[in-house]
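Below you'll find the structure, written out as structure tokens, and then a few comments.
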Amino acid sequence: MVSPLKKFLLIAAGLLSLGLGSLGVVVPLLPTTPFLLISSYCFIRSSHRLYNWLINHRVFGEYIYNYVTHKAIKLETKILLIVLLWLSMGLSMLSINNIYVWVILPMVGIGVSIHILTLRTFVKDKMRAGAASKAAPDKLPQ
């Protein structure tokens, strides 16, 4: 059983992380995935209602669930992430005329692109069959 203070702190950290992850969708150097995973981690340990809300969210839900459960994302999501990553970094580089930005942003972009490309590609039928045989249906992913 989680103490009320620990539960409160986990919920607060989850909400803060969710806010930063949501902001990361539009801010190029603010990562989205780690913050959403932290939110998932905090919510599953403090509030199953918030966790269920998050994994059933129309924008983030399927993405988080597939990433946490299968360590995979859809091919369309990979393509969209990489296109948006490089587009937003390109716009940032054009709007900020600074040599450090021109050096650091491409390095960050390459690192994030490599991470995205090395994730498994989610294939619905194969992933569900594998998950059904490995996990009990009444357990939430942790």
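State all residues of the range 59-76 that are touching a residue at least 24 places away in the same chain (Cβ under 8 Å) and assigned to a helix (DSSP H, G or I); if no residue qualifies, say none. Steps first, answer last, please.
Initially, the range 59-76 is screened for residues touching a residue at least 24 places away in the same chain (Cβ under 8 Å), giving 60, 63-75.
Selection gives TYR63, ILE64, TYR65, ASN66, TYR67, VAL68, THR69, HIS70, LEU75.
For the range 28-50, indicate whether the set of residues that are of a type in the set (D, E, K, R) and modelled with pLDDT of 90 or more is non-empty. Outline the logic, then answer.
Of the residues in the range 28-50, the ones of a type in the set (D, E, K, R) are 45, 49.
Filter once more, keeping what is modelled with pLDDT of 90 or more: 45, 49.
The answer is yes; a qualifying residue exists.
I'd like the residue in the range 28-58 that is in a loop (DSSP other than H, G, I, E, B) and in contact (Cβ under 8 Å) with a residue 12 or more places away in the chain and, out of all such residues, is surrounded by the fewest Cβ atoms within 10 Å (Cβ to Cβ). Don't jump to the end; show me each part of the working.
First, the residues of the range 28-58 that are in a loop (DSSP other than H, G, I, E, B): 28-32, 47, 56-58.
Subsequent filtering for residues that are in contact (Cβ under 8 Å) with a residue 12 or more places away in the chain retains 28-29, 31, 47.
Values: PRO28: 20, LEU29: 14, PRO31: 16, SER47: 17.
Once the filter is applied, the top-ranked residue is LEU29.
Got a number for residues in the range 27-75 being more than 20 Å from THR121 (Cα to Cα) and of a type in the set (Val, Ile, Thr)?
Matching residues across the range 27-75 total 3.
Would you check which residues across the range 63-76 are touching a helix residue (DSSP H, G or I) at 6+ places or on another chain (Cβ under 8 Å) and of a type outside the set (A, V, I, L, M) and list them? Don't jump to the end; show me each part of the working.
Restricting attention to the range 63-76, the residues satisfying the condition of being touching a helix residue (DSSP H, G or I) at 6+ places or on another chain (Cβ under 8 Å) are 63-70, 72-74.
Result: TYR63, TYR65, ASN66, TYR67, THR69, HIS70, LYS74.
So, of the residues in the range 59-69 that are out of contact with any strand residue (DSSP E or B) (no Cβ under 8 Å at 6 or more places or on another chain) and crowded, with 16+ Cβ neighbours inside 10 Å, which turns out to be nearest to GLY21 (Cα to Cα)?
At the first step, the residues of the range 59-69 found to be out of contact with any strand residue (DSSP E or B) (no Cβ under 8 Å at 6 or more places or on another chain) are 59-62, 64-65, 68-69.
If we keep only those that are crowded, with 16+ Cβ neighbours inside 10 Å too, we end up with 60, 62, 64-65, 68-69.
On the way: PHE60: 10, GLU62: 15, ILE64: 12, TYR65: 15, VAL68: 15, THR69: 19 Å.
The extreme case among them is PHE60.
Take the residues of the range 6-27 that are aliphatic (A, V, I, L, M) and buried (at least 19 other Cβ atoms within 10 Å of the Cβ): which is farthest from ILE64 (Cα to Cα)?
Here is the first cut: in the range 6-27, the ones aliphatic (A, V, I, L, M) are 9-13, 15-16, 18, 20, 23, 25-27.
Subsequent filtering for residues that are buried (at least 19 other Cβ atoms within 10 Å of the Cβ) retains 10, 18.
Working: LEU10: 18, LEU18: 12 Å.
Filtering first and then ranking leaves LEU10.
The values are calculated or read from the model by the stated rules, or taken from the named source; none is laboratory data. As the structure is a computational prediction, the values presented were derived from the model and not from experiment. Using ideal geometry, Cβ is built from the backbone for each residue, glycine included, and neighbour counts are taken over all protein chains shown.
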